[in-house]
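Visitor: Here you go, one structure.
The values are calculated or read from the model by the stated rules, or taken from the named source; none is laboratory data. Small disclaimer: the values here were computed from a predicted structure and weren't measured. We place every Cβ from the backbone using ideal geometry, glycine too, and count neighbours over all the protein chains shown.
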Amino acid sequence: MKLNRSNVKDAAQYPTRILQFGEGNFLRAFADWIVQKMNNEIGFNAGIDVVQPLPGGMVDLLNQQDGLYHVYLKGIKNGKPVKEYEFIQCLNKGINPYTEFGTYRESVVNPDLRFVISNTTEAGIAYDPTDSLDMKPQKSFPAKVTALLYERFKAFEGAQDKGLIFFTCELIDRNGDMLKKYVLQHADNWQLGNTFKQWVDTACAFCNTLVDRIVPGFPKDDIKEIQAELGYEDNLVVVGEYFHLWVIEAPEWVADEFPAAKAGLDVKFVKDMTRFREQKVQVLNGCHTGSYAVSYLSGIETVREAYDNLETGSFMKELVYDEVLTVLDGSEKELKNFAGKILERFSNPYIRHQWQSIALNAMSKWETRNLPSLRNFVKLHNMLPQKLVFSLAAMIAYFKGEAEGKSYPIQEDQWILDFYKEAWEACDGRPISIYQLVEKVLALDKVWKQNLNEIPNLTITVSHYLFLIQQVGMKKAVKAVLSENNPLMEMTIEGKAKEAEATIN
């Protein structure tokens, strides 16, 4: 039986109070699950209209099921293994603004609308000067938000109670602040006036947030068994771990309007989320992004299998304990306890978290999640963090698109795919050619926001590891970087650069 509101007669219907940009697995298994729990437990009474941020998306599939689907949680609860389904009924409709702009505008000026939730990937919150107010819709997310707010401002004549609360879930630092910055920049560029800007500043809240739940996504290997258990043909089932955490930096009045904690949910409203963010992004997300290429090119497809493997598991632990934790604020005991809980989640027996899903938009993720650790390690220890440097070399190897004679798909911005295709085609495998390839990658200030070749010894060290990976394969290269005899391990910034250069020339 197909899952839709015709076949589920008692499915709940809620007034649309939330507009959500992003229809992917994460928001459906995290934010939408949280809203459903609030509806169930405390009568939050909020429905969601889901906006497809890009021309290519999956709102059609969402609408085929009338917004209904199941979240399948698997993990550890109160020290015991648990599996449970949550029936999500809070999604009212999916909207493709590129083909249904009128419907999109209706949702924008809905008088009941109060919240906007977004996850448009790390690259989504960016300023595009080519966006204009008359586009239907604008290309970038911040420009869409500016136009959205201007529509509400006009429709409700600047009423203070018609402003919106933004929960931005993109994994960039100060995500809410960045969104607001670009909204005001567009407002200036489009000459929308100071009164509108003042309304944005006083009637709206742009909340910095931190999200944490591992979401492997659609369970394609087990979907027939799951659908048989559910009794419905649900093609939107999404798997997640039981653990969840949402840290939201916001004024107290926002917490009053979104009382998730009263529903027993781990949603924390704080005045300053800096410490929470640094720990979570650099440990959990940093370990994921820092290990995906190492593991995948070692022939390992999932996080759990990598963590249980002797070499890749050791690499993940050493990257976290020996490099990342050393640059974070907090006591050693607190940080090790936090890291232990994170790594314990990697061995969840119920979660099959594919490295290929973690590899999506890997370049921007590495810049956000791993580069701060590398920079701070160099600053504090006067030497390069070898596991992080090796992970950078592994990522460059991954973007070759083939290993041991086998090709694999890569999900990344097209310009990055074109860059690597050209760069790898120009590389003949000689040490000097590998070095030139690395130089090109590290010079991509569009990604790194700086020229990484300026970090002492980084170019030559990455080149050394990339050459090693190309010569002996990832499995043997990982063993080499883990070895106590690794010749680059104790290289300081001031000296021994020539030793590394000699190994590659």
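Visitor: If I ask for residues that are under 22 Å from His288 (Cα atoms) and without any contact (Cβ under 8 Å) to a residue 12 or more places away in the chain, which ones from region 189-238 would you list?
Guide: Lys220
Visitor: When you check Asn348 against the structure, is it farther than 30 Å from Gln450 by Cβ and not in a helix (DSSP H, G or I), yes or no?
Guide: Against the criterion (farther than 30 Å from Gln450 by Cβ and not in a helix (DSSP H, G or I)), Asn348 qualifies.
Visitor: Within the set of pairs 6+ apart or on separate chains, which have a first residue in region 21-45 that is under 13 Å from Cys169 (Cα atoms), a second that is at pLDDT below 95 and hydroxyl-bearing (Ser, Thr, Tyr), and C-beta atoms under 8 Å apart?
Guide: Pairs that qualify, where the first residue is under 13 Å from Cys169 (Cα atoms) and the partner is at pLDDT below 95 and hydroxyl-bearing (Ser, Thr, Tyr), are Phe21/Thr120; Gly22/Thr120.
Visitor: From the list Ala293, Ala306, Ala260, which residue is at pLDDT 95 or above, not assigned by TED's automatic domain parsing to the domain that holds Val481 and not acidic (Asp, Glu)?
Guide: Criteria check complete, one pass: Ala260.
Visitor: Can you find, within region 229-248, the residue that is farthest from Lys341 (Cα to Cα) among those that are over 23 Å from the mean Cα position of the chain (by Cα) and surrounded by 20 or more Cβ atoms within 10 Å (Cβ to Cβ)?
Guide: Top of the filtered list is Tyr232.
Visitor: Out of everything in region 139-179 that is under 16 Å from the mean Cα position of the chain (by Cα) and among the polar types (S, T, N, Q), what residue ends up being surrounded by the most Cβ atoms within 10 Å (Cβ to Cβ)?
Guide: Top of the filtered list is Thr168.
Visitor: Pick from region 424-439 the residues that are among the β-branched types (Val, Ile, Thr) and buried (at least 16 other Cβ atoms within 10 Å of the Cβ): which of them is nearest to the chain's Cα centre (by Cα)?
Guide: This residue is Val438.
Visitor: Can you tell me which residue among Lys268, Lys317 is basic (Lys, Arg) and within 24 Å of Pro81 (Cβ to Cβ)?
Guide: Going through Lys268, Lys317 in turn, just one is basic (Lys, Arg) and within 24 Å of Pro81 (Cβ to Cβ): Lys317.
Visitor: While we're on this one: Counting only residues that are small (Gly, Ala, Ser) and free of Cβ contacts under 8 Å to residues at least 24 places away in the same chain, how many does region 86-127 have?
Guide: Number of matching residues: 1.
The rows are residues; the columns are (1) within 25 Å of Arg275 (Cα to Cα); (2) over 22 Å from the mean Cα position of the chain (by Cα); (3) crowded, with 20+ Cβ neighbours inside 10 Å; (4) without any contact (Cβ under 8 Å) to a residue 24 or more places away in the chain.
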| site | (1), (2), (3), (4) |
| --- | --- |
| Leu343 | yes, no, no, no |
| Pro349 | no, yes, no, no |
| Ile358 | yes, no, yes, no |
| Pro372 | yes, no, no, no |
| Leu384 | yes, yes, yes, no |
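Visitor: Exactly one of (1) crowded, with 16+ Cβ neighbours inside 10 Å; (2) of a type outside the set (Gly, Ala, Ser); (3) touching a strand residue (DSSP E or B) at 6+ places or on another chain (Cβ under 7 Å) is unmet by Pro251. Its number?
Guide: It fails just one condition, (1).
Visitor: Check Trp424, Trp355 and return the single one that is under 18 Å from Val283 (Cα atoms) and of a type outside the set (A, V, I, L, M).
Guide: Trp355
Visitor: Tell me which residues, restricted to region 307-355, are under 19 Å from Val215 (Cα atoms) and of a type in the set (Lys, Arg).
Guide: Within region 307-355, Lys341, Arg345, Arg352 meet the criteria.
Visitor: Does Thr289 qualify as being crowded, with 18+ Cβ neighbours inside 10 Å, in contact with a Lys or Arg (Cβ under 7 Å, 6 or more places away or on another chain) and either within 30 Å of Ile396 (Cβ to Cβ) or free of Cβ contacts under 8 Å to residues at least 12 places away in the same chain (or both)?
Guide: Here the answer is yes, as Thr289 does meet what is asked.
Visitor: Same structure again: Identify the residue in region 388-416 that is assigned to a helix (DSSP H, G or I) and free of Cβ contacts under 8 Å to residues at least 12 places away in the same chain and, among all such residues, is surrounded by the most Cβ atoms within 10 Å (Cβ to Cβ).
Guide: Trp415
Visitor: Let me spell it out: the conditions are (1) surrounded by fewer than 19 Cβ atoms within 10 Å (Cβ to Cβ); (2) charged (D, E, K, R); (3) in contact with a helix residue (DSSP H, G or I) (Cβ under 6 Å, 6 or more places away or on another chain), and Lys2 meets all of them except one. Which number is the exception?
Guide: Only one criterion in (1) surrounded by fewer than 19 Cβ atoms within 10 Å (Cβ to Cβ); (2) charged (D, E, K, R); (3) in contact with a helix residue (DSSP H, G or I) (Cβ under 6 Å, 6 or more places away or on another chain) is unmet by Lys2, namely (3).
Visitor: Taking only region 113-152 into account, find how many residues are in a helix (DSSP H, G or I) and of a type in the set (A, V, I, L, M).
Guide: Of the residues in that region, 5 qualify.
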